[in-house]
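Take a look at the structure set out below.
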Amino acid sequence: MQALVQAWAEGGIRRAVGMLVWAGLLLFACSAARAHTADSAQYILYPAGDDVAGQDGATSAEYELGDAVGEAVANERMFSPSAYQVAFGLRQLMAYPNVTVATATPTPEGATLVWDTPGYDGATGSLMPGTSFFVVVASYTVPNPFVTDNYTVAVATSGQNPGASVTVSLGELVEGTTYFLHIWTADADGNLSFISERSTFTTLTELIAAISDLAAAAGLRRAILTWTHPNPGSKFRHYRVLRSNNATGPFTVVSTTTALGFTDRNLTAYASYFYRIQGEFTTGSFGTPSVTVSTVAHTYKPLEPLGFNVTPAPNQAQLAWSPTARFGDGSPFDNPSAPPADELQGYRVFRATDACVAPTFLASTTAVGYTDNTGGNNYYYRVESYNILGSTGTTQLVDSLGMSYFGTDDCYTRVVMSNKQTEMFLAANNGYGKDIQLVRRRRPQDVNETVLQSAEFRAFVDGATEVKDFRLPAPITIELHYQTAGGSPVPSTGAIPTAFATPLASQQDLGIFWDNGIEFKKLYGKIDTQGQVVRIDAMNFGVYQLRAMFREQGAPTFDSSNLSSRVITPNGDGLNDVLIITFDNPTNSSVRGRIRDISGRVVAEMKPALVANTLTWDGMMNGARVNNGVYLYEIEASGKRYNGTVVAAR
C-alpha cells in the first residue's frame, strides 16, 4: 500500500504532463461525443458516473457519449526510452465504486465494511490485474471527495467480478464515534477511479450489563461489598465503587478495583451507607450502575488498657498505662493516633477497698496516667477503655502496694503477680516491642462431675497474636475458685448434678491439674477454705482445672504420673532437658530425691525447682551430661520411699 502511495506522489509531475496529453487526445478518442466537447473548461466529464449536477453522464442534456466508451491514456508505458512519443489508442474506462458502504456487526473498536465490486466498460467487465480498492476513514467531515493521497486500508481485487461482495474489517477505532469514509480504485499504473459517495458508520459504545447481585455486609466500622460479573468486556478497566449517605444520592467514587469485592473501611459506626458499582472502560466511558444496596457498620468495645502498672509512693498511687489502639477482639483501630468516638473516647479510673468488691468511680480522662491520694491505705485500682458502645469488660487490677490481679469474670479465678513480675509484659522489656495482654477466661464447657472449675491463661502480643509456650522467668500464682453447697464443693456453675446425691468431697480433697499439651498433670495446690480457692505456683500459662481428688493428710504423697516426662533429652536445646517431679506436701515435710544408675550408684542429688513441692534433675553427673540409658529416681519423705525409672537420650 505504501508503494502505491509513493508511486502516486513521485509520478505527480508526469501525470500532470499526461493529463495535458490526455486533454489533447480526448477529441480524437471520443469521436462519438456530441453537443459539447469533452475538453470544455466549463464542464468536467465524470466517466461512467454522475456529472457535477448529479445527472448521468451518458444521458445528460449537457453530454452525449457515443457507442464506444473509452478514454485516451498517456502514461510512462507509452513513452519511448529515447524520445517522448505519444502512442495513440483507447483504454477501457474504470468505473468508480458508486455504492453505499454498509457496516456489519460494528464493535466498540472497529467495524466491518461491505460493498459491491464495480468494473470496466460501464461496470460490466472484471477489474484488471493489479487493481486495488482504497478506503479512507476519518472521524470528521471533509469536503467531498477526500484527498486521495491518504488512505486507511488497501485491498487487492485482481480479477474480481462486478457485483461481487467485498468485506474489510477496520480496527483500533474509538468506541461510540461516528466515522466518514470514501472508496476508490486504482490500477497497476496508478490510474484512479473517481471517489465514491460518502458513507458513515458509528462504532458501538461497549456497554456491560449492570451488576444485579451486589451485596453489602456490615463489618467493624466497615462495609464489605461483593458481586459477580462474568463478562465485563474487552475494554474493561476497573469497577468504580460509589457511595452515598442517601439512597438517592448524590454518589461519589470512593475507590476503584478490578476485584469482585471491596471493603470500605473507616466508616462511622451505626450510620447508614449506600453503594453502587459501575464499570469503567479504557476509553473513559462508563457502564450502567448496579442496583443500590445499603448497610450499617458496627463497632466493638475497646481492648482493656495494656501496660497497666502502679508505682507505689507515700500516700499516693501513681497509675500508668499504654494508649489503647485495638478493639476487644484484637482488631486494630483505623485511626490509632486520633481515634474517633466509635473507637475510643477515653479511660475511666475506679478504686475499691478489695479486689472483688464494687469499685468507686474516680475520674474520666484521655490521658494515659492518673495519680490518686491513698492517705496511707491500700486500694485496688482498675482502668477501663470506653467508646460510644461502652467500656471494657474484665480488666487487670493493681493495688497501691504494687500487686497485679488478672481476674476472670468471677474475679476470684485469676493470676496474681508482683509489680516486678508484670514488667515482662511491658513493650520495653519483653523483646516483642509491644505490650503483652494476659488473656484469661473461664471454660464452663469443661465442667462436669469431677471438674469443678476450668480456666485458661494465655499471653497475646498487643492483644492480637498469641505467644505459644510463653516462658515465665519466675513462678506466678494461679488461683482457681470453687463454690460450695452445704459445705461441700460443687461445680462452678452452682448447680449440683443428679450424680451428687451425696456430697462430692470435702474441701480438702481438691487439686489443680495443668494441661501440658499432651495430658493433664497433677499439681495439687494449697487449699484456702475461707477464700474457697486452690492456689499453686506455676511456671506456665495454659489451661488449668480444679478437680475432686483424694489427698492424704499429713505425709507427702507421690505417684509416677507426676513425672514431667519419662524420657529426657539433656542436650541443652531448652526442650525437655530436665526431669521435674511434683508431689503433694500439705505439711511442708522434708523431701529428698536421688538419681542412680542401673548398678545402684548415685549419679546426682535432685534439687528443689523454682516451684514449691517439686524436685528436678538436669541430666548431669559431676558437671557432665550422662550417657544415654535407663536411670533410677528415688524419693524419700517422712520415712517413705518411692522409686521409678527415667530414660536419658541425647
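The values are calculated or read from the model by the stated rules, or taken from the named source; none is laboratory data. Remember, it's a predicted structure, so these values are computed and weren't measured experimentally. Methodologically, a virtual Cβ is constructed for each residue, glycine included, from the backbone with ideal geometry; neighbour enumeration extends over all protein chains shown. Quick note on the areas: whole protein, heavy atoms, side chains included, nothing else; ligands and nucleic acids left out. Shrake-Rupley method; radii C 1.70, N 1.55, O 1.52, S 1.80 Å.
Is any residue of segment 341-362 close enough, with backbone N under 17 Å, to a label point placed 7 angstrom from the Cα of Ala271 along the Cα-Cβ axis, and if so, which?
341-345
Under unit Cβ charges (Lys, Arg +1; Asp, Glu -1), what dipole magnitude, rounded to 20 debye, does segment 246-332 have relative to its Cα centre?
That gives segment 246-332 a dipole magnitude of about 60 debye.
Sort the following peptides by mean Cβ neighbour count (other Cβ atoms within 10 Å, averaged over residues), highest first: 452-461, 247-256, 617-626. Write down the numbers at each step before the final one.
Numbers: 452-461: 22.0, 247-256: 12.2, 617-626: 15.5.
Output ranking for 452-461, 247-256, 617-626: 452-461, 617-626, 247-256.
Among rounded, prolate and oblate, which fits segment 541-617 when a ≥ b ≥ c are the square roots of the eigenvalues of its C-alpha gyration tensor, a/c under 1.5 means rounded, and a/b larger than b/c means prolate? Write down the numbers at each step before the final one.
Details: a/c = 2.10, a/b = 1.30, b/c = 1.61.
Verdict is oblate for segment 541-617.
In debye to the nearest 20, how big a dipole does segment 567-650 give about its Cα centre with +1 on each Lys and Arg Cβ and -1 on each Asp and Glu Cβ?
On the way: 9 positive and 8 negative charges, 47 e Å.
Using Cβ point charges on Lys, Arg, Asp and Glu, segment 567-650 gives about 220 debye.
Treat each spin label as a single point 7 Å out from the Cα along the C-beta direction, and report the Val630 to Asp528 distance in nm.
Roughly 4.5 nm, to one decimal.
Share of Cα-Cα pairs in segment 227-303 beyond 18 Å, in percent?
Of all Cα-Cα distances in segment 227-303, 44 percent exceed 18 Å.
Across all directions of projection, what mean area in square nanometres is found for the Cα convex hull of segment 506-650?
9.1 nm²
Hey, if we sort Val166, Val602 by accessible area with the 1.4 Å probe, largest down, what's the order?
Val602, Val166
Going by Cα centres, segment 613-650 and segment 422-486 are how many Å apart?
31 Å
In Å, what Rg and Dmax follow from the Cα atoms of segment 350-498?
Rg and Dmax of segment 350-498, Cα atoms, are 17.2, 53 Å.
In segment 515-615, with Lys and Arg counted as +1 and Asp and Glu as -1 at Cβ, which of these residues, Phe558, Asn516, Leu546, has the Cα nearest the positive end of the dipole, that is, farthest along it?
Towards the positive end, the residue furthest out is Phe558.
Placing unit charges on C-beta atoms (Lys and Arg positive, Asp and Glu negative, everything else neutral), compute the dipole magnitude of segment 226-374 about its Cα centre in debye, rounded to 20.
Charge dipole of segment 226-374: 580 debye, to the nearest 20.
For every other residue with a beta carbon closer than 15 angstrom to the beta carbon of Tyr379, add +1 if it is Lys or Arg and -1 if Asp or Glu, then tell me the sum.
Residues close to Tyr379 contribute a combined charge of -1.
Which shape class, rounded, prolate or oblate, goes with segment 370-454 when its Cα gyration tensor gives a ≥ b ≥ c as root eigenvalues, a/c under 1.5 marks rounded, and past that a/b bigger than b/c marks prolate?
Verdict is prolate for segment 370-454.
Work out the P(r) tail for segment 359-411: percent of alpha carbon pairs separated by more than 14 Å, whole number. Walk me through the numbers on the way to the answer.
Working: 835 of 1378 pairs.
Considering segment 359-411, 61 percent of its Cα-Cα pairs are separated by more than 14 Å.
Just the number: Rg to Rh for segment 173-324, Cα atoms, Kirkwood Rh, two decimals.
On the Cα set of segment 173-324, Rg over Rh gives 1.41.
First check a/c for segment 277-419, with a ≥ b ≥ c the square roots of the eigenvalues of its C-alpha gyration tensor; if it is under 1.5, answer rounded, and if not, answer prolate when a/b is larger than b/c or oblate otherwise.
Values: a/c = 3.55, a/b = 2.92, b/c = 1.22.
Verdict is prolate for segment 277-419.
Report P(r) for segment 293-339: all Cα-Cα distances, bin width 5 Å, range 0 to the bin holding the largest distance, values in whole percent.
All Cα pairs, binned at 5 Å, distribute as 5, 17, 19, 16, 12, 11, 9, 5, 2, 2, 1, 1, 0 percent.
Roughly how many nanometres apart are two label points built 7 Å out from the Cα toward the Cβ at Ser590 and Ser294?
So the two model labels end up 8.2 nm from each other.
Which of the peptides 379-386, 421-428 is most tightly packed, and how do the rest follow, going by the mean number of other Cβ atoms within 10 Å of each residue?
With the highest mean Cβ count within 10 Å placed first, the list reads 379-386, 421-428.
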